[in-house]
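Okay, so here's the structure we're looking at.
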Ligand SMILES: CC(C)(COP(=O)(O)OP(=O)(O)OC[C@H]1O[C@@H](n2cnc3c(N)ncnc32)[C@H](O)[C@@H]1OP(=O)(O)O)[C@@H](O)C(=O)NCCC(=O)NCCS
């Protein structure tokens, strides 16, 4: 796993210049950095109760366009400061250019040594495999940066996210309270798990029952 020291070293391309995150292109998506003028589309996602309720860290529904703009400004600035490969991406559908969601690769507190992968899709875009497609691109990007495992942290009852992590070969490693003050199920992805032939990961007992 990448140490904090190496993370900091990897954060710049030299002379203190923030390292760039190139857009990641998949069959149907472009994952690219957020722009402030994405605010109207982003609000339909982060202002949606069915999305906000499952996010960790905890996030209130974004109430209006002004708040969404501010948040995007914050995310853009944070991403520029963050060590590679961490960041926040907008998920843009290539077919029609619509922003259908977001994806994150963020260092997990308290140690900031592990990376969390996460997705936030507009409910109209659920059930079409976009989170799975994004996972392959983001995990591929991560594993090219000298990081050899990624984690997803899923709230109990989030059966869609649990299906996504399982579909992507992630393995359940346990339940924890150590992140964000929430009880979360933790799943791990390693490079070999991306192999389509790898068996599906395990789910915790009775997941989704509460
Ligand atoms: C969690 C979340 C990203 C999952 O979205 P999703 O669309 O179900 O995820 P996937 O990309 O794995 O799509 C799988 C579904 O697409 C279908 N699908 C269609 N084409 C597919 C393809 N090419 N590849 C894979 N699946 C495909 C699958 O059959 C499956 O359908 P089902 O839901 O009817 O079983 C989404 O529900 C969400 O944004 N929720 C709110 C926020 C959230 O919970 N985030 C996660 C926090 S950990």
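Overview of results
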| quantity | calculated |
| --- | --- |
| Residue match in the stretch 67-83 (condition: away from the ligand (no atom under 16 Å from the Cβ) and over 27 Å from residue 37 (Cα atoms)) | no |
| Of residues in the stretch 37-62 being over 17 Å from the mean Cα position of the chain (by Cα) and within 15 Å of residue 98 (Cα to Cα), the one nearest to the ligand (Cβ to nearest atom) | 44 |
| Tally of residues being touching a helix residue (DSSP H, G or I) at 6+ places or on another chain (Cβ under 7 Å) and closer than 26 Å to residue 127 by Cβ across the stretch 143-170 | 8 |
| Condition met for residue 106 (buried (at least 22 other Cβ atoms within 10 Å of the Cβ) and within 15 Å of the ligand (Cβ to nearest atom)) | no |
| Within the stretch 119-136, tally of residues that are more than 7 Å from the ligand (Cβ to nearest atom) and more than 15 Å from the chain's Cα centre (by Cα) | 2 |
| Residue under evaluation residue 45, criteria (1) in contact with a strand residue (DSSP E or B) (Cβ under 7 Å, 6 or more places away or on another chain); (2) modelled with pLDDT under 95; (3) assigned to a helix (DSSP H, G or I), criterion not met | (2) |
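Yes/no matrix, rows are residues, columns are (1) in contact (Cβ under 8 Å) with a residue 12 or more places away in the chain; (2) touching a helix residue (DSSP H, G or I) at 6+ places or on another chain (Cβ under 8 Å); (3) within 20 Å of residue 194 (Cβ to Cβ):
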| site | (1), (2), (3) |
| --- | --- |
| 51 | yes, yes, no |
| 70 | no, no, no |
| 74 | no, no, no |
| 94 | yes, no, no |
| 107 | yes, yes, no |
| 119 | yes, yes, yes |
| 132 | yes, yes, yes |
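The values are calculated or read from the model by the stated rules, or taken from the named source; none is laboratory data. Keep in mind that this is a model prediction, so the values were computed, not measured. Cβ coordinates were reconstructed from backbone atoms using ideal geometry, including for glycine residues, and neighbour counts include every protein chain displayed.
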